[in-house]
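Here is the structure we will look at, set down as structure tokens.
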Amino acid sequence: MALFGGFLRRLLKGLFRGKKDVKLGLYGPPNGGKTTLANKICVDWLGEEMGTASSVAHETREIQIKEQVTIKSKGKELTFNLVDTPGIATKIDYEDFLESGIEEKEAKTRAKEATKGVIDAIKWLDEMDAVVVVLDSTKDPYSQVNITIIGNLEARKIPVLIVANKIDLKKSDIKKVQAAFPQYDVLGISAKLGTHVEEFYEALFKITNK
């Protein structure tokens, strides 16, 4: 009986391991376009948006999850839980919100929430099976925030795809992003316009080994 019980436990463990939910995280600095990309993915495959995108930094201040997103590309299917994270920043000052026309009380609340969101996002790295780093391709990629994010991912040996977003803008420079992080695949897209999104979906299969 004990032998059967041990066999049953191993069998069930194997079954549940096979059904493990793949967690795909969207990471990056504020205003890189993570939520815009998350919304594009969710509209394409679920018919609904995930969150609110805004030009104000730290609009996303809590972890947002869409479960069981199934994408298809070249006859293959990939199902994952999509995790949109708050923008990572080394410093969050409520005065930055004041410059966006937000009242002082709300600005201080937002700054506090955004700080907690950054901490939560870093904690969630340990849960990720693969990560898409979303960078604004019009900005200098050699920032302390970007280097910190990439360093954390490398330390955890998490598969990474770097998305150079906003290629629809004149100042976009994908080559600079590629030069900054030559160890990773860099894909230029416009999450807003949907440019190269099909190639993005194909790339997700590669980093999740599907």
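Look at the stretch 27-38: where a residue is closer than 16 Å to GLY194 by Cβ and a partner is among the hydrophobic types (A, V, I, L, M, F, W, C) and part of a loop (DSSP other than H, G, I, E, B), sitting 6+ places away or on another chain with Cβ atoms under 6 Å, you get GLY33/ALA191; THR35/ALA53; THR36/ALA53; THR36/ALA191; LEU37/ALA191; ALA38/MET50.
Which one is surrounded by the most Cβ atoms within 10 Å (Cβ to Cβ) among residues in the stretch 95-106 that are without any contact (Cβ under 8 Å) to a residue 40 or more places away in the chain and closer than 27 Å to ILE65 by Cβ? Even if it seems obvious, please write down each step before you answer.
Within the stretch 95-106, the first condition is being without any contact (Cβ under 8 Å) to a residue 40 or more places away in the chain, and the residues that meet it are 95-96, 98-99, 101, 103-106.
Keeping just the survivors that are closer than 27 Å to ILE65 by Cβ gives 96, 106.
Working: ASP96: 19, GLU106: 12.
If we take residues in the stretch 95-106 being without any contact (Cβ under 8 Å) to a residue 40 or more places away in the chain and closer than 27 Å to ILE65 by Cβ, then ASP96 is surrounded by the most Cβ atoms within 10 Å (Cβ to Cβ).
Checked against (1) out of contact with any Phe, Trp or Tyr (no Cβ under 8 Å at 6 or more places or on another chain); (2) modelled with pLDDT under 90; (3) not hydroxyl-bearing (Ser, Thr, Tyr), LYS66 meets all criteria but (2).
Test each condition in (1) at pLDDT below 90; (2) at negative phi; (3) surrounded by fewer than 23 Cβ atoms within 10 Å (Cβ to Cβ); (4) in contact with a strand residue (DSSP E or B) (Cβ under 8 Å, 6 or more places away or on another chain) for ASN31 and report the one that comes out false. ASN31 satisfies every listed condition except (2).
Tell me yes or no: at least one residue of the stretch 152-159 is on the phi < 0 side of the Ramachandran plot, modelled with pLDDT of 90 or more, in a helix (DSSP H, G or I) and within 13 Å of the chain's Cα centre (by Cα).
Taking the stretch 152-159 as the starting set, the residues that turn out to be on the phi < 0 side of the Ramachandran plot are 152-156, 158-159.
Going one step further and asking which of them are modelled with pLDDT of 90 or more, we end up with 152-156, 158-159.
Those left that are additionally in a helix (DSSP H, G or I): 152-156.
Okay, now just the ones that are also within 13 Å of the chain's Cα centre (by Cα), so 153.
The answer is yes, given that some residue of the stretch 152-159 is on the phi < 0 side of the Ramachandran plot, modelled with pLDDT of 90 or more, in a helix (DSSP H, G or I) and within 13 Å of the chain's Cα centre (by Cα).
Filtering the stretch 191-210 to residues that are farther than 25 Å from LYS157 by Cα and out of contact with any strand residue (DSSP E or B) (no Cβ under 7 Å at 6 or more places or on another chain) leaves LYS192, LEU193, GLY194, THR195, VAL197, GLU198.
Please state which one of VAL131, VAL118, VAL145 is modelled with pLDDT under 90, surrounded by 12 or more Cβ atoms within 10 Å (Cβ to Cβ) and within 22 Å of LEU37 (Cβ to Cβ).
Values: VAL131 fails: modelled with pLDDT under 90; VAL145 fails: modelled with pLDDT under 90.
Residue meeting the stated conditions: VAL118.
Any residue at all in the stretch 125-140 that's assigned to a helix (DSSP H, G or I) and over 26 Å from LYS72 (Cα atoms)? Yes; the residues of the stretch 125-140 include at least one that is assigned to a helix (DSSP H, G or I) and over 26 Å from LYS72 (Cα atoms). One residue stands out among those in the stretch 79-94 that are of a type in the set (S, T, N, Q) and surrounded by 13 or more Cβ atoms within 10 Å (Cβ to Cβ): the one that is farthest from ASN31 (Cα to Cα), which is THR79.
The values are calculated or read from the model by the stated rules, or taken from the named source; none is laboratory data. Just so we're clear, the structure is a prediction, and the values are computed from it rather than from any experiment. Because the Cβ atoms are built from the backbone with ideal geometry, glycine has one as well, and the counts that use them run over all protein chains shown.
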